[in-house]
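Written out below as structure tokens is the structure these notes cover.
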Amino acid sequence: MDKDGNAPGSGAALEKYSGLPTRDGAIELSGAEMVIRALKDQGVKHIFGYPGGAVLPIYDALFAAEGITHVLVRHEQGAVHAAEGYARSTGKPGVVLVTSGPGATNAVTGLTDALMDSIPLIVLTGQVATHLIGTDAFQEADTVGITRACTKHNWLVKDVNDLSRTLHEAFQIATTGRPGPVVVDIPKDVQFKKGPYVMPDAIRHRTYKPKTDPDLGTIVKAIDLMANAKRPLFYTGGGIINSGPEASRLLRELVKVTGFPITSTLMGLGAFPASDPQWLGLVGMHGTYESNHAMHDCDVMIALGSRFDDRVTGNIAKFSPDSKKIHLDIDAAQINKNVHVDVPIVADATKALKEMLHFWKTQKRKVDAAALKEWWKQIDHWRERKSLDFRNSQSLIKPQYAIDRLYELTKHRGNDVYITTEVGQHQMWAAQRFRFEAPNRWMTSGGLGTMGYGLPAAVGVQMAHPGALVIDIAGEASVQMTMQEMSTAVQYDLPIKIFILNNEYMGMVRQWQQLLHGGRYSHSYSEALPDFVKLAEAYGCLGLRASNPNELDAMILEMINSPKPVLFDCRVDPKENCYPMIPSGAAHNEMILCDAEEEGTKVSDEGKMLV
Amino acid sequence: MSSAATKLPNIERHTIAVLVDNEAGVLARVVGLFSGRGYNIESLTVAEVDHVARTSRVTIVTSGTPAVIEQIEAQLRRLVAVHRVHNWTTSAPGIEREMALVKVTGTGEKRVEAMRMGEIFRCHIVDTTHTSFVFEITGAPSKIDQFVDLMRPLGLVDVSRTGVAAIARGPEAM
């Protein structure tokens, strides 16, 4: 220990003592010290990780490093999802530290998830020493080979002299342009060796220069289309969230000045307030009747930071047949990928929205008010269909009712409520019914559809927002995939609330088996489930159970008011299906609604092939 | 490969050049992109072209609908290690060349005929035994296809092709 009580090799100590200046003014550090120093210089406050043989030098440097909190997870997949939740709820990159071999392979699901949903992550993996690479050494895996397809970029750093530059590049690439996960694989001998440390501002990448400024010609073309539109629709996505809160603010202003209706993808919820009358609700496979019909019938579609995912478009051949399409995306590869667009804008959403508003105002553009009035009349007619209605029950808790009550009993906390989800029916019900007013409050696995995402993501969110109410709306099947992270929540006093809609089935699988496979429920029922209340107690959490609609409110309040992490076993109707639904292969105006269930559903053979 | 592809009217054959940083794994990134997204590779050549700047040029012959070709270019541009992507098929006409080494065995009339054909195609004979020739032939891929087909009945036993290298006509660089 030095005189300030810092352990040797700790962040504070190394800054003072081991940082001997080299000839060119750079300081000399070991590879492990460089990692900690680079994290600090990049403003990192929290990292999620799990130690192991090949990262011991970095853990040693971390031992008494000040200013960085390490969160010890129980499984590396949990670390990556926690970092995703952290990133999604703060706009800052998530940082993960894991060991070689199984540490790295366990991180692969989270990396793929982050790649699909454009979440900035820096994942540091240990590797066996350089002289052992290729010898099938203990806990050796070809990490850069395995993660090449599930990262935005990755590196194996074989020379300590390249390490600090690579770490800074990793942050730059993960956080700029279209964000995404990166992996830096660091062999153990490189962690021990000493070399010069360079500061982040010295780094300029040779090839990586993402385009973020819009071409103004395309902006003018876009507002021309908008001003002449008779049936316009905003269709926004996760790109608005990723661009930052300013993009959401500008979007709100643009939607206000035009008076156009707006719908959103799963990833885009919260960019526009759900309480606003211009909001049509979720779009796509489980979107609202009004959103999907508006998508089908619109004449100008303004896609902002959304990527025409198959969950949104349904059958491409029948997708919005009569519309001109404007497509804003920071990633040029999204343009014309699934759907041909008329006006592509490749830019950062904030910059493009600013220009759209600027030209709209300075050129004194006006909408076609008469046509827009007719369009709203049509939309209001669709709204009257009340597609999210469900038949409530006196004896059974309907999952929709449970989410409605959860929303009603938490909405007084406003933007202080953060929702994560797992994947399946509960996720769709949450997306349909929980009403988000601000961006970065909704964390869900959209592109990859990763069961087990929500619980660790909640750990990450709560770490970033200690005083907030963080709820994972979960299913009993998904939540068991990463249940072990309850132990992490207890260790760090993270009072996350795991609200399990327990229907004993993999609900979405069961629903598809009912609709597409003749009601043959092949292996979608969990004949054995843990007692979630006892499980909670075993972890040192609070366990609650509600089976009757009458007791639900009191239980939810008990959950919210508990200072502990909570596992809430909400026993819901096992037979409930998630509607509305666009059956596979169908068009947006061919939805199944809850009251049409008895009529039986016709899904084409072609449709059955689709996932 | 190409003959099956060209039967469909909207499948086009394109030659795409990619200038990349010559770093570890960069070829795997390019090839992985093609296999991961289900694009075709008909031929691929790669070598370092600037030893100081450490850049390599990858030339890929691929086939697909115009929409797929547009995606291929866009996806290649996303790769962090990529400097530039150039489509020689959609841009101003370029020159495409390929080299092949072709081994033919035989004696008597067939051997003489093979040598005569080699002269017509301006091949170099780079190895000779009493019963074999190795021809070195350079030209457009179609010329090499044609030569290889002609050698088949004359004792063709082995072919090694380099894949396509491409460059623009005139003073402009890629």
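Okay, here's what the table says:
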| item | result |
| --- | --- |
| Filter result for A:Lys411 (touching a strand residue (DSSP E or B) at 6+ places or on another chain (Cβ under 8 Å), surrounded by fewer than 21 Cβ atoms within 10 Å (Cβ to Cβ) and free of Cβ contacts under 8 Å to residues at least 40 places away in the same chain) | yes |
| Filtered residues of the stretch A:196-218 (kept if among the acidic types (Asp, Glu) and free of Cβ contacts under 8 Å to residues at least 40 places away in the same chain) | A:Asp201 |
| Lone unmet requirement of (1) open to solvent by 40 Å² or more (accessible area, probe 1.4 Å); (2) farther than 23 Å from B:Ala140 by Cα for B:Val49 | (2) |
| Qualifying residue in the stretch B:109-121 (condition: within 14 Å of another protein chain (Cβ to nearest Cβ), small (Gly, Ala, Ser) and over 27 Å from B:Ser35 (Cα atoms)) | no |
| In the stretch A:193-204, the residues that are in contact with a helix residue (DSSP H, G or I) (Cβ under 6 Å, 6 or more places away or on another chain) and part of a loop (DSSP other than H, G, I, E, B) | A:Lys193, A:Val198, A:Ile203 |
| A:His131, sole failed condition from (1) out of contact with any Asp or Glu (no Cβ under 8 Å at 6 or more places or on another chain); (2) closer than 15 Å to A:Gln191 by Cβ | (1) |
| The stretch A:73-98: number of residues that are within 16 Å of A:Pro439 (Cβ to Cβ) and among the β-branched types (Val, Ile, Thr) | 1 |
| Members of the stretch B:31-46 that are in contact (Cβ under 8 Å) with a residue 12 or more places away in the chain, within 13 Å of chain A (Cβ to nearest Cβ) and open to solvent by less than 70 Å² (accessible area, probe 1.4 Å) | B:Val31, B:Leu33, B:Phe34, B:Tyr39 |
| A:Phe308 vs. criteria within 14 Å of another protein chain (Cβ to nearest Cβ) and open to solvent by less than 20 Å² (accessible area, probe 1.4 Å) | yes |
| Residues being farther than 21 Å from A:Phe436 by Cβ and open to solvent by less than 30 Å² (accessible area, probe 1.4 Å) - total across the stretch A:464-480 | 3 |
| Condition met for B:Ala100 (within 14 Å of chain A (Cβ to nearest Cβ), of a type in the set (A, V, I, L, M) and open to solvent by less than 50 Å² (accessible area, probe 1.4 Å)) | no |
| Residue check, A:Leu111 part of a helix (DSSP H, G or I), under 30 Å from A:Pro439 (Cα atoms) and open to solvent by less than 10 Å² (accessible area, probe 1.4 Å) | yes |
| Search result, residues across the stretch B:14-30 that are within 18 Å of B:Asp50 (Cα to Cα) and open to solvent by 30 Å² or more (accessible area, probe 1.4 Å) | B:Asn22, B:Glu23, B:Ala24, B:Leu27 |
| Subset of the stretch A:205-220 that is of a type in the set (Val, Ile, Thr) and not in a helix (DSSP H, G or I) - its residue that is nearest to A:Gln127 (Cα to Cα) | A:Thr207 |
| Any hit, the stretch B:141-162, residues being part of a helix (DSSP H, G or I), at pLDDT 95 or above and over 30 Å from B:Ile11 (Cβ atoms) | yes |
| Per-region count, the stretch A:202-252, residues of a type in the set (Val, Ile, Thr), open to solvent by 30 Å² or more (accessible area, probe 1.4 Å) and within 14 Å of chain B (Cβ to nearest Cβ) | 0 |
| Options A:Ala202, A:Ala227: the member that is modelled with pLDDT of 95 or more and on the phi < 0 side of the Ramachandran plot | A:Ala227 |
| Criterion (within 26 Å of A:Val339 (Cα to Cα), more than 11 Å from chain A (Cβ to nearest Cβ) and open to solvent by 50 Å² or more (accessible area, probe 1.4 Å)) met by exactly one of B:Thr89, B:Thr105, B:Thr128, B:Thr65 | B:Thr89 |
| Only one of A:Ile335, A:Ile316, A:Ile345, A:Ile326 that is of a type in the set (A, V, I, L, M), within 14 Å of another protein chain (Cβ to nearest Cβ) and either crowded, with 23+ Cβ neighbours inside 10 Å or within 24 Å of the chain's Cα centre (by Cα) (or both) | A:Ile335 |
| When residues of the stretch A:118-135 are limited to those that are within 14 Å of chain B (Cβ to nearest Cβ) and more than 27 Å from the chain's Cα centre (by Cα), the one farthest from B:Phe34 (Cα to Cα) | A:Thr130 |
| The stretch A:190-220, residues that are more than 14 Å from A:Thr166 (Cβ to Cβ) and touching a Pro at 6+ places or on another chain (Cβ under 8 Å) | A:Phe192, A:Thr218 |
| Residues of the stretch B:68-85 that turn out to be closer than 13 Å to A:Thr207 by Cα and either open to solvent by 60 Å² or more (accessible area, probe 1.4 Å) or more than 10 Å from chain A (Cβ to nearest Cβ) (or both), as a count | 5 |
| Count of the stretch B:93-110 residues which are without any contact (Cβ under 8 Å) to a residue 60 or more places away in the chain and in contact with a helix residue (DSSP H, G or I) (Cβ under 8 Å, 6 or more places away or on another chain) | 4 |
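Residue-by-condition table, conditions (1) closer than 19 Å to A:Glu408 by Cα; (2) touching a residue at least 24 places away in the same chain (Cβ under 8 Å); (3) open to solvent by 70 Å² or more (accessible area, probe 1.4 Å); (4) in contact with a strand residue (DSSP E or B) (Cβ under 9 Å, 6 or more places away or on another chain):
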position	(1), (2), (3), (4)
A:Met508	no, yes, no, yes
A:Gln514	no, yes, no, no
A:Tyr521	no, no, yes, yes
A:Ser526	no, yes, no, yes
A:Leu535	no, yes, no, yes
A:Tyr539	no, yes, no, yes
A:Leu542	no, yes, no, yes
A:Asn550	yes, no, yes, no
A:Glu558	yes, no, yes, yes
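The values are calculated or read from the model by the stated rules, or taken from the named source; none is laboratory data. Everything numeric in this text was worked out from a predicted model, so none of it was measured. Ideal geometry is used to build each Cβ from the backbone, glycine not excepted, and the neighbour counts take in all protein chains shown. Just so you know, the surface numbers come from the protein's heavy atoms only, side chains and all, with ligands and any DNA or RNA stripped out. Shrake-Rupley method; radii C 1.70, N 1.55, O 1.52, S 1.80 Å.
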